[in-house]
Amino acid sequence: MRHFLWIFIILSCSGTAFAAEDSHAGYHYPTPQTRESYVARAPALQNITKRSRVAFTVGLNSQQNKRSFAPGYHIFVKGARAEKLIIVAVGDGRYDTLFRLRALLASLTADARTSPLFQQAPNPENLNFLDLCSAIGIKRVTLTDGDKIAHRIDLN
């Protein structure tokens, strides 16, 4: 019985530590159930600032708002240096599986390729959205259906 108690305490503490390191969990999205690391293929771009990262998300949102239909998600950055990208689906049943969240990333690659920041990277045609995020200094991308599912990607 003591072994089960220790296992419970260890699991409880590790969950608390994960939640403590993610101050946006529980506010902008649920605590991520899945997590992965991505090793970017693009080098860091020079002279990129917090303002550049904010402008990048403003540009992506602007592209969405020009469409003839309501956006399916909102995208924004958080953190002291705007290094945490958050993508929240709006509307039920849109991005409610890990596969749909990854498909959204693929779709964002096409949108991001029109960005002047993307064009600065060497061989932009070989890069994806996560490569660009890393190149502009984003360290974490969290995608969520805005209800129950959240997936976190740490960029290296």
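The values are calculated or read from the model by the stated rules, or taken from the named source; none is laboratory data. As the structure is a computational prediction, the values presented were derived from the model and not from experiment. Cβ atoms come from the backbone with ideal geometry, glycine included; neighbour counts cover every protein chain shown.
Restricting the search to segment 26-74, which residues are assigned to a helix (DSSP H, G or I), free of Cβ contacts under 8 Å to residues at least 60 places away in the same chain and of a type outside the set (Val, Ile, Thr)?
Taking segment 26-74 as the starting set, the residues that turn out to be assigned to a helix (DSSP H, G or I) are 50-65.
In the following step, the residues that additionally are free of Cβ contacts under 8 Å to residues at least 60 places away in the same chain were identified as 50-51, 54-55, 57-65.
If the condition is that a residue be assigned to a helix (DSSP H, G or I), free of Cβ contacts under 8 Å to residues at least 60 places away in the same chain and of a type outside the set (Val, Ile, Thr), then Lys50, Arg51, Ala55, Gly59, Leu60, Asn61, Ser62, Gln63, Gln64, Asn65 are the ones that fit.
Find the residue count for segment 120-135, including only residues that are under 11 Å from Leu45 (Cα atoms) and polar (S, T, N, Q).
The total comes to 2.
Hey, does segment 78-94 have a residue that's over 12 Å from Leu143 (Cβ atoms), in contact with a Lys or Arg (Cβ under 6 Å, 6 or more places away or on another chain) and assigned to a helix (DSSP H, G or I)?
No, that holds for no residue.
Condition first: assigned to a loop (DSSP other than H, G, I, E, B), at pLDDT 90 or above and either charged (D, E, K, R) or over 22 Å from Glu36 (Cα atoms) (or both). Now tell me which residues in segment 96-125 satisfy that. So that I can check it myself, show each step before the final result.
Here is the first cut: in segment 96-125, the residues assigned to a loop (DSSP other than H, G, I, E, B) are 96-97, 113-115, 121-123.
From what's left, at pLDDT 90 or above: 96-97.
Asp96 - this is the single residue of segment 96-125 that is assigned to a loop (DSSP other than H, G, I, E, B), at pLDDT 90 or above and either charged (D, E, K, R) or over 22 Å from Glu36 (Cα atoms) (or both).
Only one of Leu85, Leu60 is buried (at least 16 other Cβ atoms within 10 Å of the Cβ), closer than 22 Å to Thr34 by Cα and under 15 Å from the mean Cα position of the chain (by Cα); which? First the steps, then the outcome.
Details: Leu60 fails: closer than 22 Å to Thr34 by Cα.
Result: Leu85 is the single residue among Leu85, Leu60 that is buried (at least 16 other Cβ atoms within 10 Å of the Cβ), closer than 22 Å to Thr34 by Cα and under 15 Å from the mean Cα position of the chain (by Cα).
Any idea which of Asp111, Asp154, Asp147 is within 14 Å of Gly59 (Cβ to Cβ), acidic (Asp, Glu) and surrounded by fewer than 19 Cβ atoms within 10 Å (Cβ to Cβ)? Spell out the reasoning first.
Details: Asp154 fails: within 14 Å of Gly59 (Cβ to Cβ); Asp147 fails: within 14 Å of Gly59 (Cβ to Cβ).
After ruling out the rest, the residue left standing is Asp111.
Tell me, please, whether a residue that is at pLDDT below 90, in contact with an Asp or Glu (Cβ under 9 Å, 6 or more places away or on another chain) and over 20 Å from Thr97 (Cα atoms) can be found in segment 29-46.
yes
For segment 79-122, give me each residue that is touching a strand residue (DSSP E or B) at 6+ places or on another chain (Cβ under 6 Å) and of a type in the set (Lys, Arg).
Lys84 - this is the single residue of segment 79-122 that is touching a strand residue (DSSP E or B) at 6+ places or on another chain (Cβ under 6 Å) and of a type in the set (Lys, Arg).
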